[in-house]
1. Kindly establish whether residue 200 is within 17 Å of the chain's Cα centre (by Cα) and within 16 Å of the ligand (Cβ to nearest atom).
2. Kindly provide the set of residues from segment 168-184 that are without any contact (Cβ under 8 Å) to a residue 40 or more places away in the chain and farther than 13 Å from residue 41 by Cα, ordered by number.
3. Mind counting the residues in segment 228-275 that are assigned to a loop (DSSP other than H, G, I, E, B), without any contact (Cβ under 8 Å) to a residue 60 or more places away in the chain and more than 18 Å from the chain's Cα centre (by Cα)?
4. Which numbered condition trips up residue 165, out of (1) outside any loop (DSSP other than H, G, I, E, B); (2) in contact (Cβ under 8 Å) with a residue 24 or more places away in the chain?
5. Identify the residue in segment 96-145 that is acidic (Asp, Glu) and in a helix (DSSP H, G or I) and, among all such residues, is surrounded by the fewest Cβ atoms within 10 Å (Cβ to Cβ).
6. From the list 17, 56, 5, pick out the single residue that is closer than 30 Å to residue 164 by Cβ and of a type in the set (S, T, N, Q).
Amino acid sequence: MAKVTIDGHSVEVPDGTTILQAARLIGGDIVPPAMCFYTPLKTSGGYCRTCIVNVTKGSEKDPRPMPKPVPSCRQTVMDGMEVQGITSPALMEARKGVVEFLLINHPLDCPICDQAGECKLQDLSYEHGLSKSRYEFERRTFEKIDIGEKIKLHMTRCILCYRCVKVADQLCPGRVHGVMNRGDVAEISTYIQNAVDNDMSGNMIDVCPVGALTDKTFRFKSRVWNVNPFDAHRDCKKCAGKVRLWYKGEEVFRVTGRKDAYDEVTDWICNECRFDKKKTSDWIIDGPTKIDRASVISQNHYVLKEPAHNPNLNSVNVVEEKFQLENKNNK
Ligand code: SF4
């Protein structure tokens with residue numbers, strides 16, 4: 001076991017745990033954001049750099065600090081390690097720089113993007129982004145293309161996190177989808193357009209942290225905060241059959257995998273469950289989804305779950321406290 005202290009909070013974790021995983025065990029606002037790391041996908045992480053932290057003490061044996069910020073999704077903890085994230089103004093400046101880089105080519109078209117309301121980059125740009133860009137060169141733009149019968153790729157929004165590539169690699173045998181080219185001409189592509197017809201290919205939509213891969217059966221139909229999520233299941237031979245149904249009135253507008261507090265799916269679902277089962281009668285309803293994070297989706301719908309760890313740090317509480325304070329001030 002190794003004891004690690006992150007932003008003043010200590011936790012003991014098994015050897016080999018990454019700083020990000022240790023931070024998630026502590027919970028709350030100290031957890032670094034992650035745009036490319038995704039627990040269910042092997043070898044994910046290490047691309048986007050949003051989860052960087054400062055290691056101010058390497059370990060008990062070798063207390064030297066690490067010379068520059070490290071990606072917390074890749075760096076494993078050592079016994080006695082001390083880490084700074086939100087408590088270091090310099091690190092927060094560095095994270096802000098990372099977000100500025102991510103936004104060089106990513107358009108802030110949130111008002112018309114289907115991912116708005118459940119997009120981590122939207123949150124990050126709100127928290128760290130500048131209102132103006134310093135980038136003076138022409139931005140990359142791409143035509144929207146269909147990859148697969150029901151998936152639309154809007155490459156202009158892609159941040160090359162590689163999550164969809166890992167889904168193709170690890171869930172879809174005989175994959176034809178990946179990253180073509182390198183550097184500023186790198187792009188997600190299929191060798192033959194419309195070729196992603198694998199039964200699990202729809203999971204790419206769920207893992208995409210921005211609105212680059214969207215569900216053609218849901219695209220432009222509703223904002224996510226105007227649909228109500230319900231957990232449901234069915235007996236499916238291809239997948240776990242545990243899904244989230246998004247209702248508007250009595251109509252199922254979309255079906256997605258269930259996600260946890262870090263926006264990671266808990267069970268992969270097949271394309272039949274996702275695209276073809278859009279009637280309530282196809283499902284056994286488990287009940288309304290409890291959104292266990294501060295999210296626009298939970299607004300006016302359901303009571304938020306109690307935070308599991310360090311309630312004083314949880315952003316849900318911060319939001320609630322801020323709300324109560326504002327109410328008090330208004331009175
Ligand atoms: S399309 Fe989405 S999931 Fe795939 S690399 Fe781009 S941002 Fe990541």
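The values are calculated or read from the model by the stated rules, or taken from the named source; none is laboratory data. Worth saying up front: this structure is predicted, and the values here are computed from it rather than measured. As a convention, Cβ positions derive from the backbone with ideal geometry for all residues, glycine included, and neighbour counts pool all protein chains shown.
1. Working: within 17 Å of the chain's Cα centre (by Cα): no; within 16 Å of the ligand (Cβ to nearest atom): yes.
So residue 200 does not fit the description; no.
2. Step one: filter segment 168-184 for residues without any contact (Cβ under 8 Å) to a residue 40 or more places away in the chain, giving 168-169, 172-183.
Scanning segment 168-184 gives 173, 174, 175, 176, 177, 178, 179, 180, 181, 182, 183.
3. 10
4. (2)
5. To start, the set of residues in segment 96-145 that are acidic (Asp, Glu) comprises 100, 109, 114, 118, 123, 127, 136, 138, 143.
Now drop any that are not in a helix (DSSP H, G or I), which leaves 100, 123, 127.
On the way: 100: 16, 123: 15, 127: 12.
Within segment 96-145, the match that is surrounded by the fewest Cβ atoms within 10 Å (Cβ to Cβ) is 127.
6. Values: 56 fails: closer than 30 Å to residue 164 by Cβ; 5 fails: closer than 30 Å to residue 164 by Cβ.
Sole residue among the options that is closer than 30 Å to residue 164 by Cβ and of a type in the set (S, T, N, Q): 17.
Per-residue answers, yes or no, for (1) more than 17 Å from the chain's Cα centre (by Cα); (2) within 13 Å of the ligand (Cβ to nearest atom); (3) modelled with pLDDT of 90 or more:
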{"site": "136", "(1), (2), (3)": "yes, no, no"}
{"site": "140", "(1), (2), (3)": "yes, yes, no"}
{"site": "145", "(1), (2), (3)": "yes, yes, no"}
{"site": "148", "(1), (2), (3)": "yes, yes, no"}
{"site": "153", "(1), (2), (3)": "yes, yes, yes"}
{"site": "157", "(1), (2), (3)": "no, yes, yes"}
{"site": "162", "(1), (2), (3)": "no, yes, yes"}
{"site": "165", "(1), (2), (3)": "no, yes, yes"}
{"site": "174", "(1), (2), (3)": "yes, no, no"}
